[in-house]
1. Considering the dipole of the chain built from charges on the beta carbon (Lys and Arg +1, Asp and Glu -1) around the Cα centre, which of Ala170, Leu272, Val292 is farthest to its positive end?
2. Per residue and in Å³, how big is the convex hull formed by the alpha-carbon atoms of region 135-237?
3. Counting only DSSP beta bridges with both residues in the chain, what percent are antiparallel, rounded to the nearest 5?
4. Scan the chain and hand back the longest stretch that contains none of the trypsin sites (Lys or Arg not before Pro) lying in DSSP loops with at most 14 other Cβ atoms within 10 Å.
5. Roughly how far apart, in whole Å, are the Cα centres of region 260-303 and region 45-113?
6. Calculate the dipole size of the chain relative to its Cα centre from +1 charges on Lys and Arg beta carbons and -1 charges on Asp and Glu beta carbons; express the result in debye to the nearest 20.
7. So with the 1.4 Å probe, I'd like the accessible area per residue for the chain, rounded to whole Å².
8. Under a 1.4 angstrom probe, counting protein chains only, how are Val153, Val264 ranked by accessible area, largest first?
Amino acid sequence: MDDRLTGLEDHLHVNVPGSGWRGELRDVVPVIPTPFDLDEDVDLDALRVLIDFAANSQMSAVCIPAYGSEFYKLTSIEKSSLITLAVEQADQRIGVVAQSNHGSARIAADIARQNEDFGADVISFALPRQFPLREADLLRYSERVCKAVHVPVMVQDFNPGGTTVGAQFARRLHESAPNFCYLKLEQSLMATTVQEILEETHGGVQVLSGWGGMHLLELLPAGIAGVVPGLAVCDLLQQVVMCYRNRNAAEASRLFNIVLPHIVYGLQNLELFHHSEKALLVKRGLLPSATVREPSLTIDDVTREYMDLTHSYILEALEQEAGAG
């Protein structure tokens, strides 16, 4: 076995499921990127810094290893080591949402059980969208994974080019598996869908918006519990939410419009998102390397220049906030 993987195995340990965090997923739940060094090895020391940043920024929880963590480029040992270290470093200050994705319901359920044993506070998994499936098929898949664990579950539906699941799916799954408490949707114009889900499940299933937080301001009035963005702007988005909840719509809009160009630009391509997210974290002094594991998108000079411009808006805003504080 590769020595690098053997080293990662040293970080694996089993915790008592559900023994710590007793919170809820609310407001901003950032995805933690996987830190890589210049050789593309996982940098666990850098991960500790990112978890501390999220905790110190008063996030309710963090999510790892998700699409924004390059989970699809990681080995099973690497994924497990990220989760166990995140649980250890969080130390019950914030929740840890363990993404347990797999195209097989049986294997996804096994991964979910393992992540629960590692001490994850919430299990999350993405619906299998590689090929078209009927809603009944997705429901059967979801029931198997949800019933494999005892902790709360968040189902993610990322279906590029297609519609996501809605109120009837949420109600049926919640009735079958009451620990299904959260639904993360990656879809535009979904205010009505959010309201229907809350009504159909009597609030038993809360909705979080994905897609980098792009639709945050339009969906807060519809009743979303929060958003799942990248880590690099989570503190500014948290301020947006707080301003909204404190009825300061003008300030919420001002701050959101500073972050929005960064979100919109990065989401043109998931690999561009990784580059932009990590580059901004490096500029903020939170990450030693902006390495994205190959294969990845080549960033040309024009792309880099505009990406840097969107970062400059955020860094300027952070500097002003620090000066005002």
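1. Towards the positive end, the residue furthest out is Ala170.
2. 102
3. 5
4. Longest stretch, sites excluded: 135-246.
5. Region 260-303 and region 45-113 have Cα centres separated by 20 Å.
6. Dipole size: approximately 1100 debye.
7. Result: 43 Å² of accessible area for each residue.
8. Val264, Val153
The values are calculated or read from the model by the stated rules, or taken from the named source; none is laboratory data. Nothing here was measured: the structure is a model prediction, and the numbers come from that model. With ideal geometry, Cβ positions are generated from the backbone for all residues, glycine too; neighbour counts draw on all protein chains shown. These accessible areas exclude ligands, DNA and RNA; they are computed on the full protein's heavy atoms, side chains included. Shrake-Rupley method; radii C 1.70, N 1.55, O 1.52, S 1.80 Å.
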